[in-house]
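What follows draws every value from the coordinates through simple rules; no lab data is involved. Please read these numbers as outputs of a predicted model, since none were measured by experiment. All Cβ positions, even for glycine, are placed from backbone atoms using ideal geometry, and neighbour counts span all protein chains on display.
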Amino acid sequence: MKNLLYIFGFILLFGCASTTQAQSHKTHTVKAGETVTSIAKQYNVTPFDIYALNPDAKKELKINAVLVIPKSKVVVSETSGDKKLHSFKEHKVKRKETLYSLSKKYGVEQEDIKKHNPFLYANTLRKGDRIKIPVYKTVKVEETKEVVDTVEEAKDYVSYTVLPKEGKWRIAYKYGITVEELEAINPGMSETLDVGQVIKVPNLNKKDLKEIDDKYSYYTVLPKEGFYRLKIKLNLDQEALEALNPELKETGLKSGMVLKIPFSEAVSGNEASTPISDSNLFPASSLVANIKNYETKHIAVMLPFRLNRINSDSILDAKNKIESDKFLSTSLDFHTGVLIAADSLAKLGISVKLDVYDTKNQLSEVASLLSSKNLEDADAVIGPLMPNNFQRVASELKRKNVPVFSPNLKDLKTSDNVFQTMPASDLLEKSMIDFIKADNSKNHIIIISDAKNASTSNILKRELGAAAQVYSRKGKEGKDLYYILEGDIRTKLKAGNNIVFLETDNYTFVSNVTSILNSLNNKTNKIVLATTNMNAAFENDEISNYHLSNLNFHFPTVSRTYNEDDNNSFANTYKKAYGETPNKTAVRGFDLMMDVVLRLSASDNMYDSVSEFPLTEYVENKFAYNKQTFGAYYNNTVYIVKYQDLKIVEAGKNVF
């Protein structure tokens with residue numbers, strides 16, 4: 001039984017320096033957590049200024065090492081201003097306004113706003129809040145003008161005009177620096193670069209510039225990544241990385257460094273992608289590399305916990321409810337995945353204002369939440385899980401164009417603010433048929449079904465051409481008996497490759513057919529089992545997983561199964577937090593939350609993200625939305641997977 005202990009941690013940013021004044025230089029003693037870039041920013045110099053006087057810092061920055069800091073080349077203005085509080089302005093918070101946006105609007109620090117509105121230290125801004133904005137007078141104070149060393153100023157850096165499709169990583173790679181160092185050279189640089197924008201870059205000879213080769217992919221090194229972690233992620237050891245990136249032999253790995261690696265579809269695109277990231281969460285997503293909006297995202301999650309049915313004074317009652325109440329257990333599992341996602345997003349620098357509501361699985365409670373909780377202010381809503389409740393929320397929020405995501409429902413009656421994240425039922429069938437059609441091998445097709453699924457059998461025969469059909473034996477009254485005899489199938493097999501479809505939702509029939517097929521599977525008659533409708537019958541305890549694995553059972557699914565043998569950081573984090581392996585509901589909660597927030601962070605709005613990022617993929621789920629005319633956005637991605645060595649893995653291009 002998992003203990004749902006929600007622990008909120010605070011990251012404390014600190015750094016102090018001990019400096020001694022010399023005739024033209026200062027010294028700095030390195031503290032834990034400091035980097036050359038952070039030290040350079042502290043003294044208004046560049047990392048290259050520090051490297052010039054401290055060449056060993058390129059290889060390793062040791063704690064307590066003493067660095068020589070050059071004099072800053074920044075000219076301090078002769079007058080500066082001391083702030084003196086003059087008055088206050090009253091501001092009523094509007095939808096989507098944040099402390100950051102208000103600080104920019106009024107030209108004050110976020111901390112100053114908090115100081116005069118103490119409730120903001122414990123609470124986030126909400127629409128309708130009335131806050132005081134301080135207005136300051138500037139008192140000019142004469143300061144000493146620091147002498148500028150002009151001898152080398154013009155030679156350290158040159159101006160560079162940003163070309164089409166160039167982002168920070170391309171320019172950083174070209175000039176052999178990290179993205180952080182490029183930002184340090186250009187204080188105030190925005191998250192994205194505009195074509196024609198002029199920035200500063202190191203003054204290098206043309207022969208020293210590195211060119212982007214589209215035959216390769218490029219990977220941005222994350223904080224605390226070493227060669228061991230990269231070997232796990234990229235399947236490249238230190239020797240291979242150094243062969244592709246010779247500068248590694250001199251500098252070692254540095255956070256923000258861009259590495260050339262063999263081409264991979266998972267690491268392609270116009271920006272240096274970190275598709276595997278520190279948490280191994282984004283194997284085919286380009287969203288992390290394209291984050292441009294770090295403002296707090298307001299996400300509402302609506303789940304049927306039905307907490308009103310639990311006796312809060314009884315641990316035993318709560319435990320029994322979790323075990324017996326499917327609504328509660330599903331909600332808790334999904335919620336745990338959402339919480340892990342929120343923590344992962346925070347590590348990417350994206351804050352989430354997460355509101356979780358108990359719908360109690362009652363339409364009246366949903367109506368009450370809609371009228372009292374300002375859900376129209378949310379950037380996106382996930383849930384509810386039940387059709388009527390979901391339709392009510394989607395309909396109510398359509399007026400404000402708030403995107404509403406259904407985690408679990410199919411074939412909804414929807415409006416154009418709805419995102420149906422589960423692929424439609426007919427898409428699974430079509431995807432399996434298309435997969436078989438795409439196989440260029442010579443395969444013989446056999447279709448086994450019961451009367452209930454005869455229509456599917458006929459569709460398969462029509463779509464796949466010459467195929468033999470076998471049906472369940474029937475009793476005297478014409479009802480299915482849910483079995484066949486070995487002779488029923490033996491006569492249909494041909495020497496070579498045989499793909500046998502089994503279309504049923506009766507586990508007795510599945511057990512009967514898989515047992516017979518397993519006995520007939522040999523080098524002469526190779527058999528692969530398949531279905532267009534993977535359901536509980538195939539997962540019943542009476543079904544032998546050994547038989548399914550021996551038959552390389554193929555089926556379509558909305559989600560794959562992550563490999564527990566891989567060092568999957570989501571799974572590791574989940575186990576550490578909750579003491580058990582995440583189930584599919586928890587993984588889906590994580591994947592969906594990640595996709596929703598990252599789309600909001602990489603695009604101007606959710607609707608634009610559909611065309612800008614047509615396919616995203618996470619631990620077990622992928623998302624590619626198609627907009628229906630006068631309707632919703634439907635996820636049209638499906639996995640074809642198979643049993644192999646008693647594990648479920650993604651199927652290859654060919655069946656055999």
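Numerical summary
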item	result
Quotient of Cα Rg and 2.2 N^0.38 Å for region 560-656, N being how many residues it contains	1.27
In degrees, nearest ten, helix 569-578 long axis to first principal axis of the chain (Cα)	90 degrees
Per-residue Cβ neighbour rank within 10 angstrom, fewest leading, Ser255, Ser611	Ser611, Ser255
Theoretical FRET efficiency, 1/(1+(r/R0)^6), r = Cβ-Cβ of Leu209 and Lys576, R0 41 Å, to 0.05	0.40
Subset of Lys430/Lys474; Lys326/Lys575; Lys430/Lys653; Lys442/Lys523 violating a 18 Å alpha-carbon distance limit	Lys430/Lys474; Lys326/Lys575
Cα-based helix-to-principal-axis angle, 315-324 vs the chain, degrees rounded to 10	50 degrees
Antiparallel DSSP beta bridges within the chain, as percent of all bridges there, nearest 5	55 percent
Lys353 long-range amide H proximity, modeled H, under 5 Å	Lys297, His298, Ile299
Pairwise FRET efficiency - Asp343 versus Lys627, Cβ, R0 = 22 Å, nearest 0.05	0.10
Distance (nanometres) between label positions extended 7 Å along Cα→Cβ at Ser415 and Thr124	2.4 nm
Distance (nanometres) between label positions extended 7 Å along Cα→Cβ at Ile322 and Glu542	3.3 nm
Added length on full extension, which subtracts the Cα-Cα distance from 0.36 nm per residue, Glu564 to Tyr294	94.0 nm
Mean-position separation - Cα centroids, region 335-385 and region 471-529, in angstrom	47 Å
Principal-axis tilt of helix 387-397 within the chain, Cα atoms, nearest 10 degrees	30 degrees
P(r) tail fraction, region 405-455 - alpha-carbon pairs more than 16 Å apart, %	61 percent
Potential extension, Asn535-Ala52 segment - 0.36 nm per residue separation minus Cα distance	167.4 nm
Sorted by Cβ neighbour density within 10 Å, fewest at the top, the residues Glu295, Glu239, Glu617, Glu181	Glu239, Glu295, Glu617, Glu181
The chain: calculated mean residue ellipticity at 222 nm from DSSP helix runs of at least 4, using -39500 (n - 2.57)	-9000 deg cm²/dmol
Distant alpha-carbon pairs in region 153-274 (separation over 18 angstrom), percent	52 percent
Structure-derived Rg/Rh (Cα atoms, Kirkwood Rh): which label, when the choices are [x] 1.04; [y] 1.11; [z] 1.01	[x]
Exposure proxy order (Cβ contacts within 10 Å, fewest to most) of Tyr574, Tyr100	Tyr100, Tyr574
